[in-house]
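This report concerns only the one structure given below.
The values are calculated or read from the model by the stated rules, or taken from the named source; none is laboratory data. From a predicted model like this one, the values you see are computed outputs, not experimental measurements. Methodologically, a virtual Cβ is constructed for each residue, glycine included, from the backbone with ideal geometry; neighbour enumeration extends over all protein chains shown. The protein model used for the area step is the full one, side chains on, heavy atoms only, and it has no ligands, DNA or RNA in it. Shrake-Rupley method; radii C 1.70, N 1.55, O 1.52, S 1.80 Å.
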Amino acid sequence: MEQIVSGKSQVSALSAISEAFALIIDGKSLAYALEDDMKNIFLELAIGCASVICCRSSPKQKALVTRLVKLGTGKTTLAIGDGANDVGMLQEADIGIGISGVEGMQAVMSSDVAIAQFRYLERLLLVHGHWCYRRISSMICYFFYKNIAFGFTIFLYEAYTSFSAQPAYNDWYLTLFNVFFSSLPVIAMGVFDQDVSARFCLKFPLLYQEGVQNVLFSWRRIVSWMFNGFYSAIIIFFFCSRALEQQAFNDEGKIASKDILGGTMYTCIVWVVNLQMALSISYFTLIQHIVIWGTIAFWYVFQLAYGALPASFSTDAYRVFVEALAPAPSYWFITLFVVIATLTPYFLYSAIQMRFFPMYHEMIQWIRHEGLSDDPLYCEMVRQRSIRPTTVGFTARRAASRRQ
């Protein structure tokens with residue numbers, strides 16, 4: 001207890017001058033430090049240090065230290081081990097990484113991720129960890145966006161018709177929206193998208209801090225995507241409904257019914273949500289081009305095929321596209337105008353943020369775009385403008401070398 005209190009006072013006294021400390025404790029001392037009346041003070045001391053080394057510790061002590069950090073800080077913990085004595089630690093941590101080596105496969109079988117050598121941990125975290133965090137956060141935000149944009153048009157239609165319970169779209173349109181007309185592009189983004197190449201992820205390891213600080217999946221970002229969905233739904237519904245009011249009758253005296261309005265609105269939604277995905281992607285591949293443009297083309301093929309079925313099956317979509325939508329120039333002009341009006345605000349926001357208020361990964365994208373990746377002064381300036389200073393890992397090593 002005396003040594004822990006003394007260490008805390010030393011860390012507190014010299015923390016103002018940004019000194020980095022390391023804590024080393026052996027297994028016998030760790031047995032006392034993990035007791036109920038002392039473990040919280042030990043955790044406070046450990047958090048104040050840049051590195052903590054627990055040597056000669058038992059498998060149970062490894063698991064207890066991992067649990068103490070996980071529950072005491074509320075942070076996501078990662079454990080890495082290569083033997084059977086690391087199994088408890090790997091299972092206690094939020095993420096367990098097992099190394100397959102001379103000590104057997106017990107650690108690998110109990111882990112979430114397996115690697116062959118310890119040096120692969122750098123690429124696993126800095127490259128694949130950053131990509132995975134960005135892909136998952138973008139996928140979830142986009143799911144909020146596209147379902148709000150689609151569902152809110154249905155709500156607006158119900159309010160517009162005094163809640164008559166008459167659906168805005170055909171039943172199969174409602175069923176297949178998340179199956180065929182908006183699912184493949186987001187899956188492709190979750191698999192192939194890369195905001196920064198692997199070389200730049202390793203060259204600028206502070207990119208990993210975006211995931212640690214949850215920059216790309218904050219409530220502000222989620223709410224902004226939801227607001228974008230509400231805006232898209234409002235533009236699509238009100239412009240389509242107002243634009244078709246002046247086309248009440250065709251040459252045969254038939255009115256522009258809800259089937260035509262629903263088909264026009266659905267076409268606008270398919271275009272908007274897929275082109276929104278195209279604007280959000282940082283790294284295009286051939287597969288992403290195929291799924292985005294193929295999804296839009298499949299919507300028109302589906303209208304032809306579904307509308308050609310007998311009226312008993314296609315119901316209110318029977319030959320609507322062939323006889324009412326496709327021959328009308330207003331259908332194509334409305335779709336074009338709605339797509340431009342809906343996506344322009346997001347495009348302007350992204351361009352202004354990228355140019356004047358770039359995030360850290362966008363700074364790296366500018367380095368690649370301007371061809372300044374080999375300029376050491378410019379790269380150092382970008383590193384200095386990172387999210388926040390830290391005394392762990394890369395920054396700690398650079399600070400130590402400068403002091404020397």
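Summary of computed values
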| quantity | calculated |
| --- | --- |
| Tilt relative to the chain, helix 59-73 - C-alpha long axis, 0 to 90 degrees, to 10 | 60 degrees |
| Surface share of carbon and sulfur [accessible, 1.4 angstrom probe, percent] for segment 20-116 | 55 percent |
| Under DSSP loop assignment and at most 13 Cβ neighbours within 10 Å, longest GluC sites (Glu not before Pro)-free interval of the chain | 36-244 |
| DSSP beta bridges in segment 20-116 [antiparallel fraction, %, rounded to 5] | 10 percent |
| Max mean-square fluctuation residue, GNM over the chain, Cα-Cα springs under 10 Å, options Thr73, Thr295, Thr342 | Thr73 |
| Residues of type lysines that Lys60 reaches as a straight line, Cα spacing below 23 Å, ignoring anything fewer than 8 places off in the same chain | Lys28, Lys39, Lys70, Lys75 |
| Heavy-atom accessible area order for Thr175, Thr264, largest first, 1.4 Å probe | Thr175, Thr264 |
| The chain: antiparallel DSSP beta bridges as a percent of all, rounded to 5 | 15 percent |
| In degrees, nearest ten, helix 258-280 long axis to first principal axis of the chain (Cα) | 30 degrees |
| Accessible solvent surface per residue of segment 20-116, calculated while the other protein chains remain in place, 1.4 angstrom probe, Å² | 56 Å² |
| Cα centroid separation - segment 327-343 against segment 27-74, whole Å | 63 Å |
| Surface accessible to a 1.4 Å probe, Lys70 within the full protein complex, Å² | 50 Å² |
| Accessible carbon and sulfur surface of segment 122-383 relative to its total accessible area, %, 1.4 Å | 69 percent |
| Two-decimal Rg to Rh for the chain - Kirkwood Rh, Cα set | 1.11 |
| List Val65, Val191, ordered by accessible area with a 1.4 Å probe, largest first | Val191, Val65 |
| Size of segment 20-116 as Cα extents on the principal axes (Å, biggest first) | 36, 27, 26 |
| In degrees, nearest ten, helix 360-370 long axis to first principal axis of the chain (Cα) | 70 degrees |
| Solvent accessible area, Å² - Ile287, 1.4 Å probe, full protein context | 80 Å² |
